[in-house]
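The values are calculated or read from the model by the stated rules, or taken from the named source; none is laboratory data. All of these numbers come straight from a predicted model, not from anything done at the bench. Glycine also receives a Cβ, built like all others from the backbone with ideal geometry; neighbour counts cover every protein chain displayed. Protein only, heavy atoms only, side chains kept; ligands, DNA and RNA dropped before computing areas. Shrake-Rupley method; radii C 1.70, N 1.55, O 1.52, S 1.80 Å.
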Number of protein chains: 2
Amino acid sequence: MIAADAGPSKGAPTVYVCITCKRADEPEADPRPGALLAAATVSAAEGTGVVVCRVQCLANCTRGPSAAVRCNGSWAYIFGGLDIAHAGALVDGAKLLAGAADGIMPWRGRPEPLKRGLIARVPPINFEEPE
Amino acid sequence: MIAADAGPSKGAPTVYVCITCKRADEPEADPRPGALLAAATVSAAEGTGVVVCRVQCLANCTRGPSAAVRCNGSWAYIFGGLDIAHAGALVDGAKLLAGAADGIMPWRGRPEPLKRGLIARVPPINFEEPE
């Protein structure tokens, strides 16, 4: 288990927010909804030990705005259809994942935007499926 | 750079294939298209140093069959809309990624199913966006 309230460090629970993202049906204009979501997530993460990392593209462009959540040794989860109101949900999801000994974000207690917005997940390095 | 022709090892170029996947418009029946894709990918990977890992779910259920590709230190790529004919493309994509010093699968030379089937990507652990 990774303490979600530890200070930022390598392997801390991390939210990756795409700063280029917009909804597919929106025109291109600055500030991008993804950039606004990133800023809101930085604010929401203050004092939680959750690290927020801005990225240029998570390749989920048709279903953005997008973010991913991962801890060291956990599965990585990609979410789409987000907006600025979901910053707190991303931080809560990262904390939930940090507390999951099996590296899987539990469905129970998972913030609603991280249920309906789930795009895909990727196992941790060196994952082996239990027989 | 990770040698794609090295023997299987921790951190080797790896293809994760969802064995539960089917196309969303197909009825549930065994064998699952994902399981067939996994078996074909194991065959295609023989002698290449690419490791194939069967997984129960990549949470890309509405756009399956699904697979992910990653090397140690690389971005992870999730693909959907695959079928058994794409086993070789997955192995070729893993080798392409293994040869990419920046951990990013190049678009040029990427097998066509890994272009049109791209679902999302996730940065490596400890990723920091270049300023």
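What total accessible area, in Å², is buried where chains B and A meet, using a 1.4 Å probe and rounding to the nearest 100?
For B against A, buried area totals roughly 2500 Å².
Taking the DSSP beta bridges in chain B as the whole, what percent of them are antiparallel, to the nearest 5?
Details: 11 of 16 bridges.
In chain B, approximately 70 percent of DSSP beta bridges are antiparallel ones.
I need the inter-copy label distances for residue A:28: point set 7 Å along Cα to C-beta, values in nm with one decimal, smallest first.
4.4
List every residue whose amide H lies under 5 Å from the amide H of residue B:14, counting only residues 5 or more places away in sequence or on a different chain, with H placed 1.01 Å from N in the peptide plane.
The list, which skips near neighbours in sequence, is B:51, B:70, B:71.
When ranked by the protection proxy of mean other Cβ atoms within 10 Å per residue, highest first, what sequence do the peptides A:109-120, B:100-111 form? Write out the running numbers ahead of the final one.
Working: A:109-120: 17.6, B:100-111: 13.2.
Going from most to least packed, we get A:109-120, B:100-111.
Starting from the Kirkwood Rh over alpha-carbon pairs, what translational D in µm² s⁻¹ does region B:72-131 have by Stokes-Einstein at 37 °C and 0.692 mPa s?
Stokes-Einstein gives a translational diffusion coefficient of 271 µm²/s.
Once the protein assembly as shown is represented by equal point scatterers at the alpha-carbon sites, with solvent omitted, what log10 I(q)/I(0) does the Debye formula produce at q = 0.08, 0.10 Å⁻¹?
Evaluating at q = 0.08, 0.10 Å⁻¹ gives log10 I(q)/I(0) of -0.30, -0.47.
Can you give the mean number of other chain Cβ atoms that lie within 10 Å of the Cβ atoms in peptide B:114-127?
Going residue by residue through B:114-127 and averaging, the value is 6.
In degrees between 0 and 90, to the nearest 10, how far off the longest principal axis of chain B does helix B:87-98 point, with axes built from Cα atoms?
On a 0 to 90 degree scale, this one is about 20.
So the label point sits 7 Å from Cα along the Cα-to-Cβ vector; using that for residue A:99, what distances do you get to the other copies, in nanometres, sorted shortest first?
Computed spacing set for this position: 4.7 nm.
Evaluate 2.2 N^0.38 Å with N set to the residue count of chain B, then give the Cα radius of gyration divided by it. Intermediate values should be presented prior to the final figure.
Numbers: Rg = 14.1 Å, N = 131, 2.2 N^0.38 = 14.0 Å.
Scaled against compact globular proteins, the figure is 1.00.
Rank these residues by their accessible area, most exposed first, probe 1.4 Å: B:26, B:128. It would help to have the intermediate numbers written out before the result.
Details: B:26 70, B:128 130 Å².
Final ranking, largest accessible area leading: B:128, B:26.
Counting each pair of different Cα atoms once, what's the Kirkwood radius of region A:35-112 in Å, rounded to one decimal?
12.7
When you look at the Cβ of every residue in A:68-79, what mean number of other chain Cβ atoms sits within 10 Å?
3
For the protein assembly as shown, what is the accessible area per residue in Å² when the probe is 1.4 Å?
46
To the nearest 10 degrees, how steep is helix B:33-45 against the longest Cα principal axis of chain B, on a 0 to 90 scale?
Value to nearest ten degrees: 40.
Tell me, rounded to the nearest percent, the portion of alpha carbon pairs in region B:14-53 spaced more than 14 Å apart.
46
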